[in-house]
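As structure tokens, the structure follows; a few thoughts come after it.
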Amino acid sequence: AAQTFNPRDDIKPKDEESTVSNDRLPDPLSGIESPAEWPARREQIRQLFATEMFGNVPTDKLNAIKVKVKVKDQGTRKSIFGGKATMWQPVVTLAGRDLQLLIFLPSESKDTPAFLAYNFHGNHTVLDDVDIPVTEHWVRNKPGNRASAQDRGNGASRWAVEKIIDHGFALVTLYYGDVDPDFDDGFANGVHAALADKPAGDQWGSIATWAWGLSRVLDYLETVPEIDEQRVAVMGHSRLGKTALWAGANDERFALVISNNSGCGGAALSRRRSGETVARINTAFPHWFCKNFAHYNDNEAQLPFDQHMLIALMAPRPVYVASAVEDTWADPEGEFLSAKHATPVYQLLGSEGLPAKEMPAVDQPSQGSIGYHVRSGGHGVTDFDWTEYLKFSSKHLLNK
Ligand code: GCU
């Protein structure tokens, strides 16, 4: 039977500005009793997230103008890491935008599992290599919003490329701004430029657009013999962690999903109002979610879902939620509680979910079919994070 747990204690806020919501967390299993009923319930929940939060993709319009990912340039290949890996940079186009892919393959790859993850500042920041072109698209926090060659490799600490290769995985990355530049321009630029109308209140914001872009990259990866499209893990940090979750929720081809410090609008429960709130995120980043989401500013109790139900949309696929203890803006405990309260859905489907019942100690991961850790340090992606993602992904995708 549908459970009626009261998570009031769980959702008590951490900071003093917050107010305790008297509302209960909605039950992902409401109205259902058997695994056979889950797909319909799942679709109901997915549609609620699409309509009230991330926005629906205007599929009919995109089909009408025949939007598909196409190969533009097969790109160059180069042997790196003393011959252990090949770096390959094909260019695909999507709705008139060039997406420059940066792919690292273990040498002699065939049907290799892969991580697919957007980068924040351009491919040239992932690894210091003169053959990786500096992005010409709009970038954040740079003079004139232009990237420069001086930034080569300056995000390398966030990308354990060699370690990923050593574990037998490929890495596919691209700059998220290639799909949609991350600023509020009324949806005039990016892939939106191909469409005549602006998004309606229930249509895609930028996060949904980036998530859709990841699915289109997966369409392309289905044509790449070196990569096993059935073992692609989608990963993202922060706003791109929110994006990875929404991509995994919409596209069940993603075999595994990793949310790194995704916080509000990602893994963190909105009803806790701890750290970033719905009102704060909608004010600072009005283009990320659909317009309907603003109805829940300071009104979280009215949300027909909470973020544990976003995690539950991955079930029974493995999903990892990671926090950092100093990253209070992203509410580590709220992220843990989402993973915990998604567990009943996994269990209905015969899968373990998250082993930990209480918030694990710092740097002590808990890994079942849901993984969670809170590591020491602040907002970012570290070697510790990748070590755990590789352990988790090796277990689930390589049977190791
Ligand atoms: C801001 C924002 C967060 C987001 C983060 C990021 O801090 O408030 O919601 O996750 O940027 O993407 O780095």
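The values are calculated or read from the model by the stated rules, or taken from the named source; none is laboratory data. What you are looking at is a predicted structure, and each value in this text was computed from that prediction instead of being measured. We place every Cβ from the backbone using ideal geometry, glycine too, and count neighbours over all the protein chains shown. For the accessible areas, the whole protein counts, side chains as well, though only heavy atoms, and no ligand, DNA or RNA atoms are used. Shrake-Rupley method; radii C 1.70, N 1.55, O 1.52, S 1.80 Å.
Here is a yes/no grid of residues against (1) farther than 24 Å from Val321 by Cα; (2) within 14 Å of the ligand (Cβ to nearest atom):
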{"site": "Ser262", "(1), (2)": "no, yes"}
{"site": "Ala267", "(1), (2)": "no, yes"}
{"site": "Arg271", "(1), (2)": "no, no"}
{"site": "Thr277", "(1), (2)": "no, yes"}
{"site": "Ile281", "(1), (2)": "no, yes"}
{"site": "Trp288", "(1), (2)": "no, yes"}
{"site": "Lys291", "(1), (2)": "yes, no"}
{"site": "Ala294", "(1), (2)": "yes, no"}
{"site": "Asn299", "(1), (2)": "yes, no"}
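Residues in region 331-345 that are in contact with a His (Cβ under 7 Å, 6 or more places away or on another chain) and within 16 Å of the ligand (Cβ to nearest atom): Ser338 only.
Within region 152-170, residues that are closer than 17 Å to Val234 by Cα have Cβ atoms under 8 Å from residues that are modelled with pLDDT under 95 in these pairs: Ala170/Ser109, counting only partners at least 6 apart in sequence or on another chain. Apart from one condition, Val191 fits all of (1) out of contact with any Asp or Glu (no Cβ under 8 Å at 6 or more places or on another chain); (2) at pLDDT below 95; the exception is (1). Of everything listed in (1) of a type outside the set (Val, Ile, Thr); (2) free of Cβ contacts under 8 Å to residues at least 40 places away in the same chain; (3) within 11 Å of the ligand (Cβ to nearest atom); (4) in a strand (DSSP E or B), the single unmet condition for Gln230 is (3). Being among the basic types (Lys, Arg), under 26 Å from Asp185 (Cα atoms), within 11 Å of the ligand (Cβ to nearest atom) and surrounded by fewer than 20 Cβ atoms within 10 Å (Cβ to Cβ) is a property that Arg239 lacks.
For Gly378, indicate whether it is small (Gly, Ala, Ser), within 17 Å of Asn261 (Cα to Cα) and either at pLDDT below 95 or surrounded by 24 or more Cβ atoms within 10 Å (Cβ to Cβ) (or both). For Gly378, the condition - small (Gly, Ala, Ser), within 17 Å of Asn261 (Cα to Cα) and either at pLDDT below 95 or surrounded by 24 or more Cβ atoms within 10 Å (Cβ to Cβ) (or both) - is not met.
For beta carbons closer than 6 Å, sequence separation of 6+ or different chains, a first residue in region 117-143 that is at positive phi and a second that is outside any loop (DSSP other than H, G, I, E, B) and crowded, with 23+ Cβ neighbours inside 10 Å, the qualifying pairs are Gly122/Tyr175.
Quickly run through region 35-47 and pick out the residues that are in contact with a helix residue (DSSP H, G or I) (Cβ under 8 Å, 6 or more places away or on another chain) and surrounded by fewer than 18 Cβ atoms within 10 Å (Cβ to Cβ). Result: Pro35, single match. When region 319-329 is limited to residues that are crowded, with 24+ Cβ neighbours inside 10 Å and either in a helix (DSSP H, G or I) or not hydroxyl-bearing (Ser, Thr, Tyr) (or both), the one that is farthest from the ligand (Cβ to nearest atom) turns out to be Val319. Counting just the residues of region 346-377 that are in contact with a strand residue (DSSP E or B) (Cβ under 9 Å, 6 or more places away or on another chain) and hydrophobic (A, V, I, L, M, F, W, C), which one comes out nearest to the ligand (Cβ to nearest atom)? Ranking the candidates gives Val374 first. Being open to solvent by less than 10 Å² (accessible area, probe 1.4 Å), in contact with a strand residue (DSSP E or B) (Cβ under 9 Å, 6 or more places away or on another chain) and part of a helix (DSSP H, G or I) is a property that Ala315 lacks. When Glu252 is tested against (1) touching a helix residue (DSSP H, G or I) at 6+ places or on another chain (Cβ under 9 Å); (2) away from the ligand (no atom under 12 Å from the Cβ), only condition (1) is not met. Evaluating Lys395 against the criteria (1) under 19 Å from Gly266 (Cβ atoms); (2) within 21 Å of the chain's Cα centre (by Cα) leaves one unmet condition, (1). The single residue among Gly82, Gly75, Gly31, Gly144 that is open to solvent by less than 50 Å² (accessible area, probe 1.4 Å), more than 18 Å from Leu214 (Cα to Cα) and away from the ligand (no atom under 16 Å from the Cβ) turns out to be Gly75. Quick one: which residue in Ala193, Ala247, Ala211 is assigned to a helix (DSSP H, G or I) and either of a type in the set (Val, Ile, Thr) or open to solvent by 40 Å² or more (accessible area, probe 1.4 Å) (or both)? Of Ala193, Ala247, Ala211, the one residue that is assigned to a helix (DSSP H, G or I) and either of a type in the set (Val, Ile, Thr) or open to solvent by 40 Å² or more (accessible area, probe 1.4 Å) (or both) is Ala193. Here His287 passes the criteria (1) part of a loop (DSSP other than H, G, I, E, B); (2) touching a Lys or Arg at 6+ places or on another chain (Cβ under 9 Å); (3) surrounded by fewer than 24 Cβ atoms within 10 Å (Cβ to Cβ) except the one numbered (2). Being within 25 Å of the chain's Cα centre (by Cα) and either open to solvent by less than 20 Å² (accessible area, probe 1.4 Å) or among the charged types (D, E, K, R) (or both) is a property that Arg97 has.
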